[in-house]
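Quick notes on the structure that follows.
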Amino acid sequence: MTWLAEWAAYLPQMMSGLGVSLLIAGVSIVAGYPLGLLLSLMVSTKNLAIRTLGLAVVEIGRGAPALVILYLFYYGLPKFGIAFESITAACLALIWNAAAYSSEIMRAGIQSVPRGQLEASSALGLAQHHTFFRVVLPQGMRSAIPGLMGVAIQMFQGTSLAYAIAVPELMKSAYNIGSQDFNYLQIFTLAGLCYAVISMPATWITVFFEKRMARHT
Amino acid sequence: MTLAQIADGQLAPRLGIKLDNISKRYGDHVVLDDVSLHVEPGTVTALIGPSGAGKSTFLRCINLLERPDSGTIQVAQHTIQPGKDVNSRDLAALRRTVGMVFQSFNLFPHMSALKNISFPQQKVLGRSKEEADERSMQLLERVGLKDKAHQHPSRCSGGQQQRIAIARALALNPGIMLFDEPTSALDPEVGLEVLAVMRELAADGMTMIVVTHEMQFARDVSDTLVVMADCRIIEQGDPRAIMSDPQETRTRRFLRAVLER
Ligand SMILES: Nc1ncnc2c1ncn2[C@@H]1O[C@H](COP(=O)(O)OP(=O)(O)OP(=O)(O)O)[C@@H](O)[C@H]1O
Ligand SMILES: [Mg+2]
């Protein structure tokens, strides 16, 4: 029971950390998904140069651990005279991460649109951009929703990496509190609960969407 | 008002189409071998033949969903040689002139029935939303589905979806309609709803080319019966004459197989 009392006392500080975590996750998703769409188009294009560039960005984003990218942004780029605040570096690294993972999900979604939809559009004489933006993309995105929600959860949990460059996010708040009173067990349990309270309902919603979509197709 | 009048805004541009020496191969596999077909304005042509004969491929070559390797297509004042470069103006004109209905309907699942029919009108013909919706509602009423206007396709039966698909194609004022086994995915009774719409369209004088296994429809409605087998047209002419007295053994074998089914 003393845990509960202590948690209540820590909560305000933890909440400000959680706010920062949610902010970073939000920025990485809001900026990362449109970039992911762009990357998925680049990877699908016939132009070799554009496709190669797109592939490189995607493969590095997925292949390198997010922490490596984070360090490159924060410690590496100042070598070239480009310095970021720690929170900016964290956002940029996670944007790259989100863009790379979401691009593959969106590409799969777009490819899952039945050929008949393209044929009907051609037969009706619809222009290519109308076919893509009004017929293919809405359907492809719809089937990408569960995967994109999964990436969003992954991004939220990934914000804990920003701790490594001293961003005052949830883990950093927990560590600060813990190092005052040396009650690491309580505080990191609380941190874990904070992540779970956000991630678990998000996972349930994802599963709900997956089921609903399985029923409608 | 009749279907065709609604479809083309009172002035039926009854068009014929001439296809000459159409050939198509996939790799080494010849699918169409020098196929020619002339369709007179306002007539119905039924295309029958065994599976794999190349019927769908031929139909899809007409509006260039499939690009033939050689041959010529003449429709309205356009002559298109698909073996050579086809400019986008000719392609757009061809697609506007020729409407197509698919076996699997291919309605846009994320749009209501009304939107399915209005959206292409707005984008292809540049109609305003009000104009397009008005035309769509007329067509929906005509195919007996006015009450389905605001439903999504997944809420409609197969027969209803196919009638919506027909309305969608008609909304663009095609001079010619292509049908690729429009009732094959449907239960027989439901197929009748669709065939009824097609009969009405034929009676209104729409030029139609219909790939079908519905022998009764082919006999009663079509003006010309075309039999395809092994990548070519083996026989064509009056449907009753061919059905009662086929000239080719291949035709006889095919007809016996379908009629005894
Ligand atoms: N994209 C493709 N690539 C390779 N071969 C193809 C392709 N499309 C069709 N074919 C082949 O072309 C031949 C003719 O096919 P098509 O679909 O035109 O026949 P069909 O007469 O419509 O048959 P069905 O009655 O079964 O619909 C078949 O042998 C088929 O395997
Ligand atoms: Mg076929």
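Please treat every number below as a calculation from the coordinates, not as lab data. No experiment lies behind these values; they were computed from the predicted model shown. In this analysis, Cβ positions are derived from the backbone assuming ideal geometry, glycine residues included, and neighbour counts consider all displayed protein chains.
Taking B:Val101, B:Val197, B:Val210 in turn, the Gaussian network model of chain B (Cα-Cα springs below 10 Å) assigns the largest fluctuation to B:Val197. Among B:Val190, B:Val211, B:Val227, the residue with the largest mean-square fluctuation in a Gaussian network model of chain B, with springs joining Cα atoms closer than 10 Å, is B:Val190.
Taken over the stretch B:3-259, lysine pairs spaced eight or more positions apart, or on distinct chains, with alpha carbons under 14 Å apart number 6. Over the stretch A:32-184, the alpha carbon radius of gyration divided by the compact-protein estimate 2.2 N^0.38 Å works out to 1.32.
Of the residues B:Ala203, B:Ala132, B:Val98, the one whose Cα sits farthest towards the positive end of the charge dipole of the stretch B:3-259 is B:Ala132 (charges of +1 on Lys and Arg Cβ, -1 on Asp and Glu Cβ, taken about the Cα centre).
One way to sum up the overall shape of the protein assembly as shown is the equivalent ellipsoid from its Cα gyration tensor, whose semi-axes run 60, 24, 20 Å, largest first.
Selection among B:Met111, B:Pro50, B:Ile17 by position relative to the dipole of the stretch B:3-259 gives B:Met111 as farthest towards the positive end (Cβ unit charges, Cα centre). When A:His129, B:His38 are arranged by Cβ crowding within 10 Å, least crowded first, meaning fewest neighbours, the order is A:His129, B:His38. Give the angle, between 0 and 90 degrees and rounded to the nearest 10, that separates the Cα long axis of helix A:184-216 from the longest principal axis of the Cα atoms of chain A. Computed tilt is about 20 degrees. Principal-axis analysis of the Cα atoms of chain A puts helix A:170-181 at an angle of about 10° to the longest axis. Per the Kirkwood treatment, what hydrodynamic radius in Å, one decimal, follows for chain B from the mean inverse distance over all distinct Cα pairs? The Cα-based Kirkwood calculation yields 18.7 Å. Quick one: work out the % antiparallel among DSSP beta bridges in the protein assembly as shown, nearest 5. Antiparallel bridges: around 55 percent, rounded to the nearest 5. Rounded to the nearest 20 debye, the dipole magnitude of the stretch A:139-217 is 440 debye, with +1 charges on Lys and Arg beta carbons, -1 on Asp and Glu beta carbons, and the Cα centre as origin. Please determine, in degrees from 0 to 90 and to the nearest 10, the orientation of helix A:86-111 with respect to the longest principal axis defined by the Cα atoms of chain A, where the helix direction is its Cα long axis. Value to nearest ten degrees: 30.
Using C-alpha pairs below 8 Å separated by at least 6 residues, the relative contact order for the stretch A:2-216 is 29 percent.
Helices in the protein assembly as shown, meaning DSSP H runs of at least 4 residues, each add -39500 (n - 2.57). Divided by all residues, the mean residue ellipticity at 222 nm is -18000 deg cm²/dmol. Structural descriptor for the stretch B:3-259: relative contact order 28 percent, calculated from alpha carbon pairs under 8 angstrom and at least 6 residues apart. Between A:Arg51 and B:Arg67, the distance separating the two model label sites (each 7 Å from Cα on the Cα→Cβ line) works out to 1.6 nm. When the Gaussian network model of chain A links Cα atoms closer than 10 Å, the mean-square fluctuations of A:Ala120, A:Ala98, A:Ala56 top out at A:Ala120.
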